[in-house]
Structure formats: C-alpha cells, structure tokens
Amino acid sequence: MAHIVELSVVPPPLRSDWTPPQSTGKSIAPLVERRLIPAGSAYLAHVKRAVHNLSFEEHDKHAEEERKRLEALYGNGTNGEDDLGVGDEEETEDLLSLDPKEWKKQDHYAVLGLSHLRYRATDEQIKIAHRKKVLKHHPDKKAGVAGETNDDAFFKCIQKAMEVLTNSERRRQFDSVDPHYESLEDEVPTEKEVKSAKDPNSYFFKSFGPVFEREARFSKKQPVPLLGEYNDGKEQVEGFYDFWYNFDSWRSFEYLDKEVNEGSDSRDDKRYTEKKNKSERARRKKEDTARVRQLVDLTLGLDPRIKRIKQEEKEAREAKKKGKTGGANGVSAKQKAEEEKKKAEEEAKKKEEEEKVARAEAKKAKAAAANAAKKARRAARADGADA
C-alpha cells in the first residue's frame with residue numbers, strides 16, 4: 001500500500017543584490033492551445049498493459065520472451081543489436097587472400113559474410129554485413145599489427161562487394177552468374193541414379209525439387225510452379241511442364257563482359273570489344289536456354305506422375321468401355337424379354353382363337369346331331385302310323 005509523506009519546502013531568502021527585472025514594454029504573445037499526442041515506448045508499454053490487463057511484472061516477462069524469440073530467429077549483432085540474421089561467417093585463408101584487381105572473379109556474398117543468404121539478402125542485411133566487415137578489417141584499426149599485411153587488399157574487396165551489391169542493376173548481373181549456383185548446375189541427378197534408387201518416386205521429388213527452386217529465381221513471371229508431389233492432378237502437372245517449356249528467364253551475362261584495354265582510346269577497339277561481348281552474351285544465353293530445356297526433358301521422362309496419370313486414364317477408358325458394353329447387353333436382354341413376352345401373348349391369343357373355333361365347331365356338330373335325331377324320331381313315328 002502506498003504511503004504519502006509530506007515534506008515542508010521553505011524557499012531560500014532573496015539575495016541582497018537582487019532587483020526586479022525591468023519591463024521591456026513588449027506585448028506578450030497570445031496563448032495558443034496545442035494538442036499533445038501521447039507517443040513513445042513508455043506510452044506503447046502502457047497501452048499494452050492496459051489492453052491485455054497486464055501487471056508490470058507480466059509485461060516485463062512478455063518483453064523478455066519476445067526478445068529471446070527474436071534473438072533465436074535472427075541472432076545478435078555487435079553490441080547486442082539485432083543483425084537481422086546476418087551472423088558471423090568463418091573467413092578462410094583463400095577468402096582473405098583475394099586480389100582486389102580480380103574483383104570479377106570473387107564471390108561478393110562470401111566477402112560480406114552473406115553466403116547463407118545470397119540473392120535473398122535484403123538491402124538492410126547488406127548494410128549490416130558491410131558495417132561488420134569494416135569494423136573488423138579497416139586498415140586504420142589494424143595498423144601496426146604484425147602479420148596483417150593483406151588487410152588493405154581484403155578491405156578493398158569488401159568495398160567492391162558493397163559497391164556491386166548495393167547497385168540493383170549490377171547486383172542483378174552478378175546474381176545471373178553467381179559462382180555458388182553455377183557450381184550446382186551440374187549437380188542434376190541422372191536417369192540411372194533415379195531408377196537405381198531404393199524408392200525411385202521419393203528420390204525423384206527429393207532430388208529434382210531443389211533444382212527447380214534454384215532455377216525459379218530467374219523467372220520473369222512470378223509465382224513459379226514448382227515440382228509438386230506424386231499425387232498432383234493432371235491439370236497441375238500439365239501446368240508445370242507448360243510453364244517450364246516456355247520458361248522466360250531474365251538471366252543475363254553482362255557481368256562477364258571483357259573490359260576495354262586500359263589506356264586505349266581507339267574506337268575500333270571499343271567497338272570490337274562491345275561486339276565480342278554481345279556475341280558472348282548471346283551464346284551463353286542460348287546455352288542456358290538449352291540447359292533448362294534439357295533439364296525439363298529429363299524431368300518429364302522420369303516423372304512418375306506421368307505413368308500414374310496414363311494408367312488412370314487407361315483404367316477410366318476401360319471402365320467406360322465396359323460400362324457401354326454392359327449397357328448394350330442390358331438393352332438386348334430387355335428387347336429379348338419383350339419379344340418373348342410378345343410372342344407368348346401372340347401364342348396365347350392364337351390358342352384362344354383356336355379354342356373358340358373348336359367350341360364353335362363342337363356346338364355346330366351338336367346342333368346337327370340333335371337335328372338328325374329329331375328327324376329320325378319323326379320318321380319312326382311316320383312309319384308306325386302307316387303300319
């Protein structure tokens with residue numbers, strides 16, 4: 001429970017040399033009513049406590065849990081600041097010994113410690129990674145330290161990597177020929193590997209799925225349909241192959257263009273170099289298109305869904321054919337039954353007519369016999385009367 005303590009405050013006496021200020025004669029500005037809007041971290045914390053009905057202890061507990069969650073998700077940067085998942089990659093001897101003059105051959109993402117992010121790295125992550133590398137490898141910081149003779153060279157590589165990756169056009173060109181993914185282009189499973197696997201169906205999706213995920217980053221059209229699963233329907237499978245057979249790639253190869261010879265002002269040299277670069281870009285583009293087409297052809301030939309869909313269609317056709325045949329037999333049996341019924345009715349009608357005729361003949365014969373007997377009796381009476 002809060003306790004109130006009253007403190008008596010006695011102002012000190014005025015100084016002996018104090019004099020009241022003189023009036024300036026200027027008019028006092030009119031009062032202006034201003035609306036103050038609450039803001040800041042303290043106000044946000046107050047709102048959170050009020051909305052969720054939290055005590056100070058509960059609020060602090062939630063804040064600590066959120067901090068730990070973000071730390072586990074992104075990691076910690078220098079001075080305990082959030083580095084957005086940049087982290088600290090190991091720097092190998094080969095990386096630290098890069099020649100800044102050969103900057104086109106270096107892996108800019110590896111130089112900045114972004115090998116695990118690469119084309120997915122955001123602009124903010126690139127800035128954080130660059131700041132970390134500068135703080136670690138700046139020549140002024142390493143000046144006078146024995147054994148650090150290559151710091152200046154690697155620092156130039158860091159600056160070049162930052163220059164390339166912060167320029168959207170040049171970064172796009174570098175992503176087109178990223179050495180990390182170029183080394184993976186040959187790691188496509190073969191037909192023999194798929195068929196000899198213990199579970200060919202599972203191996204097919206496990207091995208070809210990541211390949212199409214890597215290639216999807218070059219597509220002008222987004223989103224890109226990926227390989228999918230074994231139980232995908234015919235429409236989904238056809239959509240996948242239709243997209244990849246008409247794959248429209250933004251991949252370019254300007255990054256590999258040869259530079260004009262230094263010190264040369266000859267227009268002919270520049271034109272020749274530009275023509276050569278254009279021809280090389282077209283050749284690489286054509287080869288890349290053929291590579292993707294071969295990949296799709298290989299995938300189509302090994303896709304277990306194709307065989308499954310064909311089998312399902314065959315079974316559906318057989319079932320449909322069987323249903324039609326069964327239906328035809330049913331109609332014939334019905335017709336046959338109707339014919340037999342009709343025939344039986346006709347026979348019964350004919351028999352009834354024959355019986356009717358027989359009854360009529362019998363009745364006629366009986367009447368004739370009665371007439372004959374009557375005549376005989378008359379003749380016998382006539383003979384007796386004559387005698």
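Readers should treat all values here as calculations from the given coordinates under stated rules, not as data from a laboratory. Quick caveat: nothing in here was measured; it's all calculated off a predicted structure. Cβ placement follows ideal geometry from the backbone for every residue including glycine, while neighbour counts extend to all protein chains displayed.
Okay, here's what the table says:
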| item | result |
| --- | --- |
| Gained length - K321 relative to E338, 0.36 nm times residue gap less alpha-carbon distance | 3.5 nm |
| Projected label distance in nm at K220 and R131, using a 7 Å step from Cα toward the beta-carbon | 3.8 nm |
| DSSP-assigned coil residues among trypsin sites (Lys or Arg not before Pro) in segment 241-295, each with at most 11 further Cβ atoms within 10 Å | K258 |
| ³J(HN,Hα) computed for each position of segment 288-301 - Karplus, 6.51 cos²θ - 1.76 cosθ + 1.60, integer Hz, glycine/proline x | 5, 4, 5, 4, 5, 5, 5, 4, 5, 4, 4, 5, 4, x |
| Cα-based reach from K136 at 28 Å (exclusive), listing lysines while leaving out same-chain residues under 8 positions away | K68, K101, K104, K105, K127, K156, K160 |
| Percentage relative contact order, segment 191-310, counting C-alpha pairs under 8 Å, at least six apart | 31 percent |
| Sites R293 and K258 - FRET efficiency at Förster radius 41 Å, r taken between beta-carbons, to 0.05 | 0.90 |
| Rg(Cα)/(2.2 N^0.38 Å) for segment 93-173, N = residue count | 1.07 |
| Residue exposure sequence - W18, W103, W244 - by fewest surrounding Cβ within 10 Å | W18, W103, W244 |
| Cβ charges +1 (Lys, Arg) and -1 (Asp, Glu), total dipole of the chain, debye | 4140 debye |
| Spacing of the two label points (7 Å from each Cα toward its C-beta) at E191 and D248, in nm | 3.2 nm |
| Phi-based couplings in Hz for segment 60-68 (Karplus 6.51, -1.76, 1.60; Gly and Pro marked x) | 5, 5, 5, 5, 5, 5, 5, 5, 5 |
| Estimated vicinal HN-Hα couplings, Hz - segment 183-200 in sequence order (Karplus 6.51, -1.76, 1.60; Gly, Pro = x) | 6, 8, 5, 7, 8, 9, x, 8, 4, 5, 5, 5, 5, 8, 5, 4, 10, x |
| Qualifying aspartates and glutamates (Cα of each under 16 Å from Cα of K220; at least 8 residues distant if same chain) | E169, D175, D242, D248, D288 |
| Descending principal axes extents, the chain, alpha-carbon based, whole Å | 203, 86, 51 |
| Computed lengthening from K270 to F56, 0.36 nm per intervening residue step minus Cα-Cα distance | 70.0 nm |
| Linear extension gain, D199 paired with K26, 0.36 nm per residue minus alpha-carbon span | 52.8 nm |
| Dipole-positive endmost among A282, Q222, I306 within segment 191-310 (Cβ charges, Cα centre) | I306 |
| Distance (nanometres) between label positions extended 7 Å along Cα→Cβ at D99 and Y181 | 2.8 nm |
| Mean Cβ count within 10 Å, highest first, over the residues of peptides 220-231, 336-347, 109-120, 296-307 | 109-120, 296-307, 220-231, 336-347 |
